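Data first, discussion second: the structure below is written as structure tokens.
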């Protein structure tokens, strides 16, 4: 048999062309870059905050001793305490939640130290009941406000990370900013009514703010301890 019939039979015997049954390999998804860990982004911010606090401590304590202001003594010690607190945070950011909770507890008690120092300064002030110079008081408070607002803004977006550590740094800068507004007001009032009472009242208010922050940090540290169990 030849011709078209032979061609058709040969075509039928071979059947349809074979198909490759190997399943197609899906394209490999693009690998997402791992997010930067909070300690890596937070550590340089906290280090800069520590440097700012340490620098303004030297300025404020010099003015406080020169004009005899208890509130400036309290606030300058706050700057020193903030510098130490932020340096401790730089050291503790890579720690476990349990160890961060322990460090946060220690920082809560650290916040109370300026209150004790302020109580002694107030006692000394009562024996020499003279008002501080109002203009240096107000201007130094204004400079402190600028520093603390800068620090609070730097720390604001990190305040919910790393538990009690960053919360301690943020609350300290925020409270200091409120205290600085009160110092400026005390300077203005003292300019109108020469009296040491505005300065002493603001010093007492700074002590209350620090106590409230210490309680808040203790609560955050307790929550970290519960989460670490």
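Here are the numbers for this structure:
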read-out	value
Flag for residue 185 being surrounded by fewer than 24 Cβ atoms within 10 Å (Cβ to Cβ), out of contact with any helix residue (DSSP H, G or I) (no Cβ under 6 Å at 6 or more places or on another chain) and either at pLDDT below 85 or in a helix (DSSP H, G or I) (or both)	yes
Of all residues making up the stretch 53-72, the number that are in contact with a helix residue (DSSP H, G or I) (Cβ under 8 Å, 6 or more places away or on another chain) and either more than 26 Å from residue 103 (Cα to Cα) or not in a helix (DSSP H, G or I) (or both)	13
Test set (1) modelled with pLDDT of 70 or more; (2) out of contact with any helix residue (DSSP H, G or I) (no Cβ under 8 Å at 6 or more places or on another chain); (3) within 23 Å of residue 154 (Cα to Cα) - residue 37 fails condition number	(1)
Residue in the stretch 197-213 that is farther than 20 Å from residue 68 by Cα, modelled with pLDDT under 75 and assigned to a loop (DSSP other than H, G, I, E, B) present	no
Failed item in (1) over 16 Å from the mean Cα position of the chain (by Cα); (2) at pLDDT below 75; (3) surrounded by 19 or more Cβ atoms within 10 Å (Cβ to Cβ), with residue 112 passing the rest	(3)
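A quick yes/no check of all residues on (1) touching a strand residue (DSSP E or B) at 6+ places or on another chain (Cβ under 8 Å); (2) crowded, with 21+ Cβ neighbours inside 10 Å; (3) under 16 Å from residue 202 (Cα atoms):
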| residue | (1), (2), (3) |
| --- | --- |
| 43 | no, no, no |
| 49 | no, yes, no |
| 55 | no, no, no |
| 60 | no, yes, yes |
| 65 | no, no, no |
| 71 | no, yes, yes |
| 75 | no, yes, yes |
| 80 | no, no, no |
| 84 | no, no, no |
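The values are calculated or read from the model by the stated rules, or taken from the named source; none is laboratory data. Note that the structure is a prediction, hence the values are computed from the model and not measured. Note that each Cβ is placed from the backbone with ideal geometry, even for glycine, and that neighbours are counted across all protein chains shown.
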